[in-house]
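The values are calculated or read from the model by the stated rules, or taken from the named source; none is laboratory data. Keep in mind that this is a model prediction, so the values were computed, not measured. For neighbour counting, all protein chains shown are included, and Cβ atoms are generated from backbone atoms with ideal geometry for every residue, glycine included. What goes into the accessible areas is simple: the full protein's heavy atoms, side chains included, and nothing from ligands, DNA or RNA. Shrake-Rupley method; radii C 1.70, N 1.55, O 1.52, S 1.80 Å.
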Amino acid sequence: MKTYIADGMLLVTAIVWGSGFVVTAIALEYLTAYQVMAGRFLLASIILTVLFGSRLKKASKSVIWKGALLGTILYIAFALQTVGLQYTTPSKNAFLTAVNVIIVPLIAYAVYKRRIDGYEIIGSIMAIVGIGFLSLQGSLTMNIGDALSLACAVAFAFDIFCTNLFVQKEDAIALTIIQFLTASFIGVLVIISQGEIPTSLEKEAIYSLVYLGIFSTTIAYLFQNVANQYTTATKAAIILSTESFFGMVLSVIFLHEMLTSRMVVGAVLILLAILIAEVKPAHPKKKLMKALDNQTPK
């Protein structure tokens, strides 16, 4: 039952993150990218501290440095994503961010020296081709927004890998609180250094920040970090990868973004690459052998 609940939490996270691309695009009409990030992380930090602040009293040094590391990685990832969204479309930003699922196995190989199998190689090639269809323009160059979105995918891959590693031994909620406190601290420092402290806010900007702070940050990341304790990394990656699908669909519905056949082809290739790399469909003979092995009395 815990596994099913965890999978449901991850699906909710994917839907909320998909909507976040649309809401962030609206917020950027009234605020700078750095103001948006500082606002969402600050609000999330306040909410989590009020609700679960007592857990910080028991936080060990290990939880503190791991949470601080996750917060730093998270801020860098969102900075790349949010700034990138200023120069590319929400749907392209969403799909390029999804490439992080392909990068995670590469990080695992670098850390654990785990062999990369054929399916992961095929998935990587398909992802590169899909990115080409989705991002390359007539001059065969990527714009700055697409490049920043790809860099964001790398940062999110490290965030996913480190989160999955840390929550196995540490309190997921305490990690999340310190993660957001760190990200909000960096965010506030950045807007102060750039002289971007807002003196007034439009109501549309307030609504966007409230949605991003409560749903896309507090609830989504709390669900993700807790769910990682009760489900496999493969299943989590597959479910979270649907974020890009929801991002594209909601961008078309609410922002009336034009969806071209080239974007559809690129999006399908990237999703197929994600599924191939993560599911790794087994050969029928291997499936049979595994089934027989499971039936053998231990």
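Things to note:
- Only protein heavy atoms count here; on that basis, with a 1.4 Å probe, TYR112 has an accessible area of about 130 Å².
- As a length-normalised measure over Cα pairs under 8 Å and 6 or more apart, the relative contact order of the stretch 1-113 settles at 39 percent.
- Ellipsoid semi-axes in whole angstrom, largest first, where each is sqrt(5λ) of the Cα gyration tensor of the chain: 31, 26, 16
- Shape of the stretch 202-275, Cα gyration tensor, a/c cut at 1.5: oblate
- Model label sites at ILE128 and PHE52, defined 7 Å from Cα along the beta-carbon direction, differ in position by 4.0 nm.
- Of all the options PRO90, PRO105, PRO198, the one that moves most in a Gaussian network model of the chain with Cα springs shorter than 10 angstrom is PRO198.
- The chain: most fluctuating residue of GLU202, GLU29, GLU170 per GNM, C-alpha cutoff 10 Å: GLU202
- Measuring nothing but protein heavy atoms, the accessible surface of the chain at 1.4 Å probe radius is 71 percent carbon and sulfur.
- For SER193, the solvent-accessible surface with a 1.4 Å probe is about 90 Å², rounded to the nearest 10.
- Note on the chain: GNM, Cα springs under 10 Å; of GLY247, GLY195, GLY71, the largest mean-square fluctuation is that of GLY195.
- Pairwise FRET efficiency - ASN143 versus GLN168, Cβ, R0 = 41 Å, nearest 0.05: 0.55
- Accessible area (Å², per residue) of the chain, counting only protein heavy atoms and a probe of 1.4 Å: 49 Å²
- The slack in the chain from LEU259 to ILE214, taken as 0.36 nm per residue of separation less the alpha-carbon distance, amounts to 13.3 nm.
- Screening the chain for DSSP H helices whose Cα atoms reach 15 Å or more along their own axis and whose mean Kyte hydropathy is at least 0.5 gives 2-27, 33-52, 61-85, 100-112, 118-135, 144-166, 172-193, 243-254, 261-279.
- Calculated FRET efficiency for the pair GLU196/VAL252, C-beta based, R₀ 22 Å, to 0.05: 0.10
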